[in-house]
Amino acid sequence: MIEKITSIQNPKIKNIVKLQQKSSERKKQNLIVIEGLREIILASRAGMKIKSLFICFDIISYDDVRKNLQSDIQSFEISKEIFEKTAYRGSTEGIIALAEPKHFEINDLKLRENPLIVVLESVEKPGNLGAILRTADAAKADAVIICDPLTDIYNPNVIRSSVGCVFTNQIATCSTNETIAWLKEKGIKSFAAALTARQFYHEVDLTGSVAFVMGTEADGLTEKWLNGADKQILIPMSGEIDSLNVSTSAAILIFEAMRQRNFYK
């Protein structure tokens, strides 16, 4: 029988809000908040343990939940009012999950022959990270490596903006020095996107083992990457503004590699 929660002051509901708001709580409890049936299904498929479900049956049916998720997950029924006050975004389908996150070490990453990897240095905007993860998923990139991260990859904004692709990608976090050494050890050629580069991105061979390296929009890449990458590449721009959004730049580079690989056909 599903327990019914009727008060926004219920400790379980208050804990959901705490987990949404504080990265420190997510780390301390080793729990993340996932909203939306699609996102919860993707997390489950990725091997994350779904600990509990909070379901608003005014919005989603019991059948929709049970045909997509295990029946033995601890579940609670909540009212529409509680859901609307608890949900991080209003457009989710009436279901919230608490789950144990899955973390990859860089040496745990499973790579294909001639892998395509995205490296992000000090990414700070959850929306940009989410958009890049969507692109990486669309291109079936082998991995996304986040160096010296300034944002929690399981921030609710990342989960939302990635539409669950935070669960479909292999994502590792580590230092810049560790990543540079790992790429060299694996024989993966690193291409740093930089405004100081002299060669355009479409002029280089991207059919081998490739890692695209991108920095923040405000500061670009640090000297460690500008000096440590195998090559610097540039996206040609003709307007007054000399900087594309980092997620747009990532999409341009990733799909040029896809084009050169004949879209894996």
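A short reminder: the numbers here are calculations on the coordinates, not readings from a lab. Here the structure is a predicted model, which is why all the values come from computation and not from measurement. So basically every Cβ, Gly included, is an ideal-geometry build from the backbone, and we count neighbours across all protein chains shown.
Which ³J(HN,Hα) values, rounded to whole Hz and listed in residue order, are derived for the stretch 97-106 from phi using the Karplus coefficients 6.51, -1.76 and 1.60 in 6.51 cos²θ - 1.76 cosθ + 1.60 with θ = phi - 60°, glycine and proline given as x?
10, 9, 9, 7, x, 10, 10, 9, 8, 4
So what is the relative contact order for the chain, in percent, with contacts set as C-alpha pairs under 8 Å and at least six apart?
About 18 percent, as a whole number.
Given axes a ≥ b ≥ c from the Cα gyration tensor, I'd like to know whether the stretch 119-265 is rounded (a/c under 1.5), prolate (a/b larger than b/c) or oblate.
rounded
Cross-link candidates for K28: which aspartates and glutamates have Cα within less than 16 Å, leaving aside residues fewer than 8 places away along the same chain?
Partners within reach: E100, D152.
Take the alpha-carbon centre of the stretch 225-265, take the same for the stretch 86-153, and report the distance between them in whole Å.
19 Å
For the stretch 106-264, what is the number of Lys pairs with C-alpha distance below 23 angstrom, counting only pairs 8 or more positions apart or on separate chains?
Going through the stretch 106-264 pair by pair, I get 15.
Can you tell me which of 136-144, 25-33 comes out highest on packing, and rank the rest after it, using the mean Cβ neighbours within 10 Å?
136-144, 25-33
Average the reciprocal distances over every distinct pair of alpha-carbons in the stretch 91-152, invert the result, and give the Kirkwood radius in Å.
13.6 Å
Could you work out [θ]222 nm for the chain from helices alone, using -39500 (n - 2.57) per DSSP H run of at least four and dividing by all its residues? Round to the nearest 500 deg cm²/dmol.
Using -39500 (n - 2.57) per qualifying helix, the result is -9500 deg cm²/dmol.
Determine ³J(HN,Hα), in whole Hz, for all residues of the stretch 135-149 in sequence, where each value follows from phi through the Karplus function 6.51 cos²θ - 1.76 cosθ + 1.60 and θ = phi - 60°; x replaces Gly and Pro.
5, 4, 5, 4, 8, 6, 4, 6, 6, 10, 10, 10, 8, 6, x
Can you run phi through the Karplus equation (6.51, -1.76, 1.60; θ = phi - 60°) for the stretch 61-77 and list ³J(HN,Hα) in whole Hz, with x for Gly and Pro?
Karplus-based 3J(HN,Hα) across the stretch 61-77 equals 8, 4, 4, 4, 5, 6, 7, 10, 10, 4, 7, 8, 6, 4, 10, 10, 8 Hz.
For K184 and I241, what does the FRET efficiency come to when R0 = 51 Å and r is the distance between their Cβ atoms, rounded to the nearest 0.05?
Given R0 = 51 Å and the Cβ-Cβ separation, E is 0.90.
In whole Å, what three semi-axes, largest first, describe the equivalent ellipsoid of the stretch 180-243 built from its Cα gyration tensor (square root of 5 times each eigenvalue)?
In descending order, the three semi-axes are 21, 15, 8 Å.
Sequence-distant or interchain residues sharing an amide H contact under 5 Å with Q232, placed H: which?
Residues meeting the criterion, in which the H sits 1.01 Å from N, are A192.
Let a ≥ b ≥ c be the square roots of the eigenvalues of the Cα gyration tensor of the chain; is it rounded (a/c under 1.5), or, if not, prolate (a/b larger than b/c) or oblate?
Prolate shape, in that a/c is at least 1.5 and a/b is the bigger ratio.
Mind giving me the FRET efficiency for K22 and L234? R0 is 45 Å, r the Cβ-Cβ distance, nearest 0.05 is fine.
After rounding to 0.05, the efficiency reads 0.70.
K12: which aspartates and glutamates have alpha carbons under 13 Å from its alpha carbon, excluding same-chain residues fewer than 8 sequence positions away?
Of all the aspartates and glutamates, those that pass the test against K12 - Cα under 13 Å, at least 8 places apart if same chain - are E3, E77.
Given springs between every Cα pair under 10 Å in a Gaussian network model of the chain, which of E105, E185, E93 has the largest fluctuation?
With Cα springs under 10 Å in the chain, the top fluctuation among E105, E185, E93 is at E185.
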